[in-house]
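Structure first, commentary second.
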Amino acid sequence: MTARTRKPATRAFASLILLAAVVAVAAPLVGSSNVSFSDIAGIFDAEPPTAAERIFWQVRAPRVILAFIAGATLALCGLSFQAVFRNPLASPFTLGVSGGAAFGAVLAIKLGLAFSIPGVSVTQIFAFGGALASIFLVYGIARARKGFTMATMLLTGVAVSFFFSALIMFIQFFADYAHSFSMVRWMMGSLSIVGYKQVAQAAVLSAAGGAAIFLRRSEMNLLTAGDEIARGRGVDVDRSRAAIFFAVSLATGGVVAICGPIGFVGLMIPHIMRLIVGPDHFDLAPACILGGGIFLVLCDTFARTAISPFEIPIGVITAMLGGPFFIWLLFRHPN
Amino acid sequence: MMPADNCPIYSVRSLSYEIGDKRVLDSVSMDAKPGEFIAVVGPNGAGKSTLLRHLVRVIMPPKGAVLLYGKCVTTLRQREIAAGVGYVPQSSPVYLPFTALQFVLMGRYPRMNPLVRPDDREAARALEILNDVGMADFADRRVDMMSGGERQKIFIAAALAQEPSVLLLDEPTTYLDPKHQRDIQRILQSLHRERGTSVVAVTHDINFAARFSDRIVAMKKGAAVYDGPPDGLMRKPRLEELFDTEFDYARGDGEDGVFAFPRRSL
């Protein structure tokens, strides 16, 4: 926060930036067929691209960039929700974003809708709509109740999530095997079929939402101290909260629409970064962007290589790590 | 927000507030003039904290008006209110992971650009404030690891970082040991006497209220039942009627005036 307290954070940031750079360069080299630097160096010459160059630049590089954007966005959104709700278990997914997105995607698959606007599939559009709809539904229901509190909103999120789960099961029950498989596969999250178009789509929404969150670092610090203190210090709590909600739905919706619901990143990374750089959101926000990005690129690299040539859905890996993390969190925060 | 000469800092006019069918505030009117030390006393559930929370717009006034320097608080931005009013709430959160220095710096919010990180000059200022409340040595300690008394001083320091012309405190000495009670009283007295900061303090300590305040507002069942000098309240049968209990009285030395103690039942 100041020169007095910034030193450890400066060291942590140097390490995170270095790690991000190493991971960003190394991850696209690794895969079912490894690529070396000398293989890809010829991309700038006049020759037509080789197979290795294509794999690196057209398949793996956009995928690594998307993984970084998705990880960074989910971690930043998780951080902002933990501050807004003053709850270590709050994340956009706790509020039914993944449930809403999954319902949208499942509905699109079931209806077999084939239309698309250029570069965006109907499943993505429906998933994005579902994510936005769920968060606005939760916000609307919770606000309509007299004596609205953050706990009310969290519980509303859980209720809405369950409701969406029920609707998804209902649709799945009437779906044929092919559709059912597509639905389950979508809900496991994936970064596989990806090009630069999808990277650009995710980047635009993530940048817009992320910037809005980033500009509210002072407010997030004060919201962590509670509504009464935040108001006393001059924060327009309702407006800040609404702005963060809107930003989170936009950014998370954008990511989930393309990658599916990749859980636990938004929950785990903010806690890990808090241990490394401390509680100040001026440090935490950029740390979550770097940490979330690095984490998801590593998870994706593992997903691509562990049982190569097959891929493990990335949501499965983050969830496998998330379960034990929850238990660790429980012991760390016994209250 | 600059105080105008002779203009009351606060004018509360016929302020009422209800939760469900319970009337928590019942047409309360009061003024707070610049430089005044006002104590708000009364039994539990009298509406004292609710009144204070209206003053800082933690609760929006649904009926009646709260004017800050002549302007209705509903028309002011929260930051404008915070630039003139420091607020120390009754309870502090269990989880407050910031160091004392970080927390006091967060008090600078209404005075600085919220988009930028507080710089070293702001940190030096925060350290000065911590020093003023005798907590400079605690600058790098986590607030939620501190004792109640230490925490209360940090909360006062954070409110002072707003450079307020009026400080609102909700039971600042309740649950504190005698040393910390005295420390807090000294801090408030020095702020009031040396810097001319206005103070509105909700308190259960009637002797503290009588000794330090210029004026006492006594509340019961949501209404302001007394508004005047401490001497007028510290006597039979007013205090008995206010708290529905018997008191013993003792005269202090010099200017200390009268002290009142709840009568022992045995």
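A Förster radius of 51 Å, combined with the Cβ-Cβ distance separating B:ASN44 from A:PHE162, puts the computed FRET efficiency at roughly 0.80. Once the chain from A:PHE181 to A:ALA14 is taken as fully extended at 0.36 nm per residue, the excess over their C-alpha distance is 55.8 nm. Using the Cβ-Cβ distance between A:LEU321 and B:VAL94 with R0 = 35 Å, the FRET efficiency computed as 1/(1 + (r/R0)^6) comes to roughly 0.80. With 0.36 nm allotted per residue and the present C-alpha distance subtracted, the B:ARG182-B:ILE19 stretch has 55.1 nm of extension available. Counting other Cβ atoms within 10 Å as a rough exposure proxy, the listed residues B:THR173, A:THR252 run B:THR173, A:THR252 from fewest neighbours to most.
Under the shape rule built on the C-alpha gyration tensor, where the axes satisfy a ≥ b ≥ c, segment B:144-244 is prolate, since a/c reaches at least 1.5 and a/b is greater than b/c. When the pairs B:LYS63/B:LYS153; B:LYS22/B:LYS179; B:LYS71/B:LYS179; A:LYS110/A:LYS197; B:LYS33/B:LYS63; B:LYS153/B:LYS236 are compared against a 31 Å limit on Cα-Cα distance, B:LYS63/B:LYS153; B:LYS22/B:LYS179; B:LYS71/B:LYS179; B:LYS153/B:LYS236 fall above it.
The amide H of B:LYS220, built 1.01 Å from its N in the peptide plane, has B:VAL225 as neighbours under 5 Å, considering only residues 5 or more places off or on other chains. Distance from a point 7 Å along Cα→Cβ of A:SER308 to each backbone N in segment A:22-36: keep the residues under 13 Å and list them by number. Label zone hits: A:27-36.
For segment B:1-87, the orientation-averaged shadow of the C-alpha convex hull comes to 5.7 nm² (one quarter of the hull surface).
Rounded, prolate or oblate, given the Cα gyration tensor of segment A:176-335, with a/c below 1.5 counting as rounded? The shape class here is prolate. Looking at the protein assembly as shown alone, DSSP beta bridges between its own residues are antiparallel in about 60 percent of cases. Between A:PHE246, A:PHE295, A:PHE81, the residue with the greatest mean-square fluctuation in the GNM of chain A (Cα pairs under 10 Å linked by springs) is A:PHE246. The H on the amide N of B:ILE9, modeled in the peptide plane, is under 5 Å from the matching H of B:ALA32, B:LYS33, each at least 5 residues off or on a different chain.
Relative contact order of segment A:110-229, taken over Cα pairs closer than 8 Å and 6 or more residues apart, is 20 percent. Evaluated at q = 0.08, 0.09, 0.10, 0.12 Å⁻¹, a Debye calculation over the C-alpha positions of the protein assembly as shown (equal weights, vacuum) places log10 I(q)/I(0) at -0.66, -0.78, -0.91, -1.15. Label separation (B:ARG79 vs A:SER36): 5.8 nm, computed from points 7 Å beyond Cα along the C-beta direction.
Only the Cβ atoms of Lys and Arg (+1) and of Asp and Glu (-1) were treated as charged; on that basis the dipole of the protein assembly as shown about its Cα centre amounts to roughly 520 debye. Ranked for footprinting exposure by Cβ neighbours inside 10 Å, fewest first, B:LEU105, A:LEU18 give A:LEU18, B:LEU105. Extension gain for the segment B:LYS236 to B:PHE261, taken as residue separation times 0.36 nm less the Cα-Cα distance, is 7.8 nm to one decimal.
Summing charges over neighbours of A:SER190, with a neighbour being any other residue whose Cβ is under 12 Å away from its Cβ, gives +1 when K and R count +1 and D and E count -1. Across chain B, Cα pairs under 8 Å and at least six residues apart give a relative contact order of 24 percent. Take the Cβ atoms of B:ASP253 and B:LYS221, set R0 to 25 Å, and the FRET efficiency comes out at 0.10.
Taken together, the values in this text are just the output of simple stated rules run on the coordinates, not laboratory data. For clarity, every value in this text was computed on a predicted model and none was experimentally measured. Here Cβ is always computed from backbone atoms with ideal geometry, including for glycine, and neighbour counts include all displayed protein chains.
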